[in-house]
Amino acid sequence: MREEIVLQTIIDGAPYTLCGDISDERLQQIATLVADKIAHIRSEAPHYSPQRAAVLAALQLAEELLSIQDEYLELLSEADIGGEIK
C-alpha cells in the first residue's frame, strides 16, 4: 500500500491541502490542471466569481472525462474486447 501524500498548493489564490494515495507528481499534475482551467476561465471572464469559475472548470473537466470515456469504449468495441467503465 502506498503512503498517503500531502500537497500544499494554491488554486485561484486560495490555499489547499490535497491528500491522496497517488504519487506526489500525479497529485501536483491534478492541482495544476485544475488551477490552469480556472485561470483560463478567469482570464476570459474576469468578472466571474471564484466559485463560478470553479464550477465551470469542473463542468469542463467532466465533459472532457466523458468524451475520453466514450472514445475508450468505442476503441474497445472496435477491438472487440468489450468493457465497461465504472
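The values are calculated or read from the model by the stated rules, or taken from the named source; none is laboratory data. Since this is a predicted model, take the numbers as computed values, not measurements. Positions of Cβ are generated from backbone atoms using ideal geometry, with glycine treated the same way; all protein chains shown enter the neighbour counts.
The single condition among (1) of a type outside the set (Asp, Glu); (2) within 23 Å of residue 9 (Cβ to Cβ); (3) surrounded by 13 or more Cβ atoms within 10 Å (Cβ to Cβ) that residue 43 does not satisfy is (3).
For every residue, the table says whether it meets (1) part of a loop (DSSP other than H, G, I, E, B); (2) exposed (fewer than 11 other Cβ atoms within 10 Å of the Cβ); (3) not β-branched (Val, Ile, Thr).
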| site | (1), (2), (3) |
| --- | --- |
| 17 | no, yes, no |
| 25 | no, yes, yes |
| 34 | no, no, no |
| 39 | no, no, yes |
| 56 | no, no, yes |
| 77 | no, no, yes |
| 80 | yes, yes, yes |
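Is it the case that residue 38 is under 23 Å from residue 3 (Cβ atoms), β-branched (Val, Ile, Thr) and modelled with pLDDT of 95 or more? In short, no.
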